[in-house]
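Report on the structure given below.
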Amino acid sequence: MSPDTTSVVELNDLTKRYGDVQALRGITLRIAAGEIVAMLGPNGAGKTTSLSLMLGLRRPSSGDVRLFGLPPTDRRARSRAGVMLQESGAPGVLTVRELIALFASYYPAPLPVEQALAMAGLEDKAAARVATLSGGQRQRLYFALAVGGNPEALFLDEPTVGMDIEARRAFVAGIQALAGAGKSVIFTTHYLREAEELATRIVVIDRGVVIADATPRALMARVAGKRVSFTVAEPLPADAFAGLVISALDVSDGRVRFLTSEPETALRRLFARGVEPRDLEVAGADLEEAVLSLTRRPEGA
Amino acid sequence: MTAPLLGMLGAQTMAELRARWRVAAFSVTSLVLPVVFFTFFGLPYASQTFPDGVSVGAYLLVSFAAYGVGNVMVYGFGIGVANERGMKVDLLMRATPLPPAVAVLAKVLVALAFALVSIVVLIVFGVVVGGIRQDLAVWLQVIARLLAGSMPFVALGFAIGYTAGPHAAPALANLIYLPLSFASGLFLPVSQLPGFVQKIAPYLPSYHYGQLAWSAVGARAEPLAVSLAWLAGYTVVFLAIAMRAYRREETRKFA
């Protein structure tokens, strides 16, 4: 197989169990070269586990993982992947430049160290020892280490956590530059905004399964766009919401709240069923809320 | 396509060397401590000779050289590996194409370099300050034997590094290595140790390590093959302990 036709990542019905916890319940995913994929989901959804399995950092309980068509622990596969993990450490007594140069030596065709420094916005800190970096600078260093090997694909686990605004901006520019150069980027995030801004494809994971896999535009069209809330004086009929396309329904203290992409239809049906909404509000749901509605089971489904 | 392993090894070795050198406390301790001990315990007897004509000064000098090399290995690997685990550097390295064997080999090369320097510093000190005289060939023999025989202490260091956390590792290394050195006659000749220690000594790795050095300066010692067999045996035992601890951690962190 030539590199062009090989998928960057192939996950086949992957499951992962940690003791009693079923972290992944059967994930099948194929990522082609050049895709910028955001793995989106709440904490504990299985994003980091999926990434760890893709990279061979953990072994699946069942299912098959391929990285560039090879087992992910194969050195030939790893030589094509740059990685940025949460919670990894770095040898503190080396300088930023030394550590980037060291990592570059692990890869067959690395970037010049200066270029990796520039992409991470770390030029000023090149001579500083790693131990002296702030949290945000350290995060940039990990980004520099991931891109320094000039890999075909980047795997970034929650890359912007701990970044200040400036670092985040540099990071976004870096990703866009990499995308422009035809690299694949796979990153996890729980910020929809970040996924929408950077990704060509968003994979939403919740409780160990993929619940949506689409372009940002298609996903946005699917998620419930409006938040409806009103008060009711009388108890609701039992089947008041039957058949309505709504999600995240919450009824408490006489106040009803739900998300929907068709507020007019939903309200018309409710009126027809004798519900008399008072103090009605219809507002644009914020995006986080909207995608979260995807990650919960839709009501009545 | 992958990067050449030799290039990786070179870069990794340089980085280890830098990192090791910059932890001044460690590099100074490992070079100076044997000299300090020799000054107190060896220098006063430097000009004496044993009844069989062997120089007491040379005997004690190579004893402390053996102590020094073991020290570099046990502390260097014990504390170094425990620290890397504590700081989660192992996690960072794991995702790269760097083969673990190359990383380990780089550490061993750097430790051997430090050990070499520690022996040379001690010998120069003994020759210049203590007036101890041996043929150059004898000194070279001592250096070669001590470096080649140091593998059980490398393995012991790894065993400590994978068993103990970064805070416990220095204490554990001390607790194991210091009594081991004393009881094996590296500080005082075995004949001057308490009776029960004399009985234990022949079963200790550092005792057989000492034999390598003592026989090099002409002292009566067990056959070389016996020393090497003991050292090889202990290397296997310590490596097995290290591998077990390593595997246990692999399962915990990465399974």
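The values are calculated or read from the model by the stated rules, or taken from the named source; none is laboratory data. All values derive from a computational prediction rather than experimental measurement. When we count neighbours, we look across all protein chains shown, and the Cβ atoms used for this are built from the backbone with ideal geometry, even at glycine. Heads up: the accessible areas ignore ligands, DNA and RNA and are worked out on the full protein's heavy atoms, side chains in. Shrake-Rupley method; radii C 1.70, N 1.55, O 1.52, S 1.80 Å.
Things to note:
- Selected residue (only one of A:120, A:81 is modelled with pLDDT under 95 and under 15 Å from residue A:154 (Cβ atoms)): A:120
- Condition met for residue B:170 (in contact with a helix residue (DSSP H, G or I) (Cβ under 8 Å, 6 or more places away or on another chain), part of a helix (DSSP H, G or I), open to solvent by 10 Å² or more (accessible area, probe 1.4 Å) and closer than 24 Å to residue B:250 by Cα): yes
- Test for residue B:17: is it under 22 Å from the mean Cα position of the chain (by Cα) and more than 30 Å from residue A:129 (Cα to Cα): no
- If only residues of the stretch A:48-77 that are in contact with a Pro (Cβ under 7 Å, 6 or more places away or on another chain) and within 8 Å of another protein chain (Cβ to nearest Cβ) are counted, the one that is most open to solvent (accessible area, probe 1.4 Å) is A:75.
- Here residue B:220 meets each of (1) in a helix (DSSP H, G or I); (2) open to solvent by 70 Å² or more (accessible area, probe 1.4 Å) with one exception, condition (1).
- Some residue of the stretch A:6-23 being among the small types (Gly, Ala, Ser) and closer than 23 Å to residue B:93 by Cβ: no
- Residue match in the stretch B:112-126 (condition: open to solvent by 30 Å² or more (accessible area, probe 1.4 Å) and without any contact (Cβ under 8 Å) to a residue 12 or more places away in the chain): yes
- With respect to (1) at pLDDT 95 or above; (2) within 22 Å of residue B:25 (Cβ to Cβ); (3) open to solvent by 40 Å² or more (accessible area, probe 1.4 Å), the lone exception for residue B:140 is condition (2).
- Residues of the stretch A:183-226 that are part of a helix (DSSP H, G or I) and more than 21 Å from residue A:153 (Cα to Cα): A:192, A:193, A:217, A:218, A:219, A:220, A:221, A:222.
- Candidates B:67, B:59, filtered to the one that is open to solvent by less than 10 Å² (accessible area, probe 1.4 Å) and either within 14 Å of chain A (Cβ to nearest Cβ) or over 19 Å from residue B:22 (Cβ atoms) (or both): B:67
- Of all residues in the stretch A:93-109 being over 11 Å from residue A:145 (Cβ atoms) and under 29 Å from the mean Cα position of the chain (by Cα), the one that is farthest from the other protein chains (Cβ to nearest Cβ): A:109
- Test: residue in the stretch A:121-129 that is closer than 15 Å to residue B:95 by Cβ and touching a residue at least 24 places away in the same chain (Cβ under 8 Å): no
- Top-ranked residue in the stretch B:1-11 [being outside any helix (DSSP H, G or I) and facing chain A (nearest Cβ under 8 Å); ranked as least open to solvent (accessible area, probe 1.4 Å)]: B:3
- Selection from the stretch A:241-263 of residues that are closer than 13 Å to residue A:230 by Cβ and open to solvent by 60 Å² or more (accessible area, probe 1.4 Å): A:250, A:251, A:253, A:257
- Selection count where residues are more than 7 Å from chain B (Cβ to nearest Cβ) and surrounded by fewer than 22 Cβ atoms within 10 Å (Cβ to Cβ), scope the stretch A:78-91: 1
- Residue pairs meeting the criteria (Cβ under 9 Å; at least 6 apart or on separate chains; first more than 12 Å from every other protein chain (Cβ to nearest Cβ), in the stretch B:18-33; second aliphatic (A, V, I, L, M)): B:30/B:72; B:30/B:115; B:30/B:117; B:31/B:72; B:31/B:117; B:31/B:121; B:31/B:122; B:32/B:121
- First in the stretch B:242-255 and part of a helix (DSSP H, G or I), second anywhere and basic (Lys, Arg), Cβ under 8 Å, 6 or more apart: B:249/B:85; B:254/A:58; B:254/A:59; B:254/B:94
- Residue under evaluation residue B:131, criteria (1) at positive phi; (2) assigned to a helix (DSSP H, G or I), criterion not met: (2)
- Within the set A:166, A:158, A:152, the sole residue that is under 14 Å from the mean Cα position of the chain (by Cα), assigned by TED's automatic domain parsing to the domain that holds residue A:216 and among the charged types (D, E, K, R) turns out to be A:158.
- For residue A:22, the criteria (1) touching a residue at least 60 places away in the same chain (Cβ under 8 Å); (2) closer than 22 Å to residue A:183 by Cα; (3) not charged (D, E, K, R) hold in every case but one, which is (2).
- The single condition among (1) open to solvent by 10 Å² or more (accessible area, probe 1.4 Å); (2) on the phi < 0 side of the Ramachandran plot; (3) not acidic (Asp, Glu) that residue A:44 does not meet is (2).
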